[in-house]
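The block underneath contains the structure these notes are about, expressed in structure tokens.
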Amino acid sequence: MTNKTLPGPNTKSMIERDHKVISPSYPRGYPFAMDHGKGTEVWDVDGNRFLDFMGGIAVVATGHSHPQVVKAIQDQAEKFIHISSDFYHENWIRLGEKLSEIAPFKEDALSFMTNSGTEAVEAAIKLARYHTKRSNFIGFTGAFHGRTMGAVTFTASKAKYHSGFYPLMNGVTHAPFPNPYRPVLERRKGEDYGQAVVRYIEEEIIAQILPAKEVAGVLVETIQGEGGYIVPPEGFYPALRKFCDKHGILLILDEVQSGMGRTGKWWAIEHFGVEPDIITSAKGIASGMPLGACIARKSVMDWEIGAHGNTYGGNPISCAASLATIELIEKQYLKNAKEVGEYAMDALQEIQARHPSIGDVRGKGLMIGVEFVKDHETKEPAKKLTDRVVDLAFERGLLTLSCGQSVIRIAPPLSISKSEVDEGLSMFEDALTQAEKEMK
């Protein structure tokens, strides 16, 4: 059912005030002004209820304002809020111990705590250069690693992220990300598309452009986020790991969006049976408190005192929120992400069978992408349809976000129930049906 009162008067007033004082660089979607939330439900400042299928861009892992996370924040705030990274505190150390325990490699891990995902990526870039004494990198088209200068150099999902900011950091060469739905390279007999991409890197980039001895690391999102929620073929990461080992190159995984239980495992790379050298985390790590981490093998994080640092690293309140978040994911939501994610995938595939505009449904756990096309043979992206579905879903009480050229991402809190999936997908299909009628 469409809510024709959106946006309400309080929301309109808030947006007018926002435009007067907040940077215009922030990309805004539809006119939603949040008042409060609980679990998967959120309410705007006019009292309208919504289901949140984007989770603050995969951030609120345990749902909005989970009582256990709220209490951890309150308890720590009563003790102290900040001391700086020059000193020690219990939550910081406990979080480091927990990240070492769940890190996706057998070797002990060391963590550099940050305030965001892009800062975690910057730390990984610096660490890779420091450890290897090399300066070049390989990244991938369609990637999103953040907007600070080093991270945005790797980002290759939209040209506008680079526009007006040249020269960027030098030393980054991009290869095509292995998108099974939209391949751009030819495969040889017996190869899957991921293996074909690694062969391209070896034969075209390393052999003709960039000497392997100059490459510090390969930086890649395990599952692409902003680029379209793209899951690479099974052969990609084993082949990429073998390539890195051959040339002494670090494998750096950006799991800012795909990590922390989002895919039904702690890390998306665990679906592929490969161990990285460095992994970055943020978003869902603290249920919405600003926190990120660059997590590396102990043998790799070998920089000396003062080589890198920050004022707010290991913030006590964010670390407290993270410890509560990780406990909840471990005890409840890791399993829920897997089971409810499979349930949602099945339901979306049923919807796909009823709607020819859906070209592909893909994902792991509760990181699901629905791609819209004008034609199944040409696979021409249906961007206008995608944008219209997002707007119509909002009018019906469902928060979603697009990504890639014509993909809607499904990334709700990991605590979402099957009944909430049913309710949300009913609104989603209703919005899609209306959008398809309008586009005829």
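The values are calculated or read from the model by the stated rules, or taken from the named source; none is laboratory data. All figures in this text were calculated on a predicted structure; none of them were measured in a lab. No Cβ is skipped: glycine too gets one built from the backbone with ideal geometry, and neighbour counts run over all protein chains shown.
Annotations
- Verdict on I22 being among the β-branched types (V, I, T) and more than 29 Å from I326 (Cβ to Cβ): yes
- Some residue of region 29-39 being modelled with pLDDT under 95 and either under 19 Å from G288 (Cα atoms) or among the small types (G, A, S) (or both): yes
- S419, sole failed condition from (1) under 25 Å from A337 (Cα atoms); (2) among the hydroxyl-bearing types (S, T, Y); (3) in contact (Cβ under 8 Å) with a residue 12 or more places away in the chain: (3)
- Put simply, of V184, V220 the only residue that is assigned to a strand (DSSP E or B) and of a type outside the set (S, T, Y) is V220.
- Highlighted here are the helices (runs of 4 or more DSSP H) found entirely within region 288-398 that include at least 1 residues which are touching a strand residue (DSSP E or B) at 6+ places or on another chain (Cβ under 7 Å) and either under 30 Å from I249 (Cβ atoms) or small (G, A, S) (or both): 334-354.
- Residue count for region 370-396 under the criterion of being touching a residue at least 12 places away in the same chain (Cβ under 8 Å) and among the acidic types (D, E): the result is 4.
Yes/no matrix, rows are residues, columns are (1) under 24 Å from the mean Cα position of the chain (by Cα); (2) under 25 Å from R297 (Cα atoms):
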position	(1), (2)
Q74	no, no
I81	no, no
S84	no, yes
F87	no, yes
G96	yes, yes
S100	yes, yes
A103	yes, yes
D108	no, yes
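- All positions within region 143-178 that are within 20 Å of Q405 (Cβ to Cβ) and of a type in the set (V, I, T): V152, T155
- Candidates T311, T263: the one that is within 22 Å of V231 (Cβ to Cβ) and hydroxyl-bearing (S, T, Y) is T263.
- Checking each residue in region 74-91 for being small (G, A, S) and not in a loop (DSSP other than H, G, I, E, B) picks out only A77.
- A268 vs. criteria surrounded by 22 or more Cβ atoms within 10 Å (Cβ to Cβ), among the small types (G, A, S) and under 14 Å from the mean Cα position of the chain (by Cα): yes
- Subset of region 181-194 that is closer than 23 Å to E371 by Cβ and free of Cβ contacts under 8 Å to residues at least 60 places away in the same chain - its residue that is surrounded by the most Cβ atoms within 10 Å (Cβ to Cβ): G194
- Selection from region 63-103 of residues that are surrounded by 12 or more Cβ atoms within 10 Å (Cβ to Cβ) and of a type in the set (F, W, Y): W92
- On the stretch given as region 405-440, residues that are assigned to a loop (DSSP other than H, G, I, E, B) and crowded, with 23+ Cβ neighbours inside 10 Å total 7.
Residue-wise test of (1) under 25 Å from L425 (Cβ atoms); (2) outside the structural domain of S116 (by TED's automatic domain parsing); (3) in contact with a Leu (Cβ under 9 Å, 6 or more places away or on another chain).
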position: M14; (1), (2), (3): no, yes, no
position: R17; (1), (2), (3): no, yes, no
position: Y26; (1), (2), (3): no, yes, no
position: T40; (1), (2), (3): yes, yes, yes
position: G47; (1), (2), (3): yes, yes, no
position: F53; (1), (2), (3): yes, yes, yes
position: A61; (1), (2), (3): yes, yes, yes
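Conditions tested, residue by residue: (1) in contact with a helix residue (DSSP H, G or I) (Cβ under 7 Å, 6 or more places away or on another chain); (2) buried (at least 22 other Cβ atoms within 10 Å of the Cβ).
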position	(1), (2)
A296	yes, yes
H308	yes, no
Y312	no, no
A320	yes, yes
M345	no, no
L366	yes, yes
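- Residue within region 250-262 that is surrounded by fewer than 20 Cβ atoms within 10 Å (Cβ to Cβ) and either within 19 Å of F137 (Cα to Cα) or in contact with a Cys (Cβ under 9 Å, 6 or more places away or on another chain) (or both) present: no
- Per the conditions (1) among the aliphatic types (A, V, I, L, M); (2) touching a residue at least 40 places away in the same chain (Cβ under 8 Å); (3) closer than 15 Å to S406 by Cα, the sole criterion not satisfied by A307 is (3).
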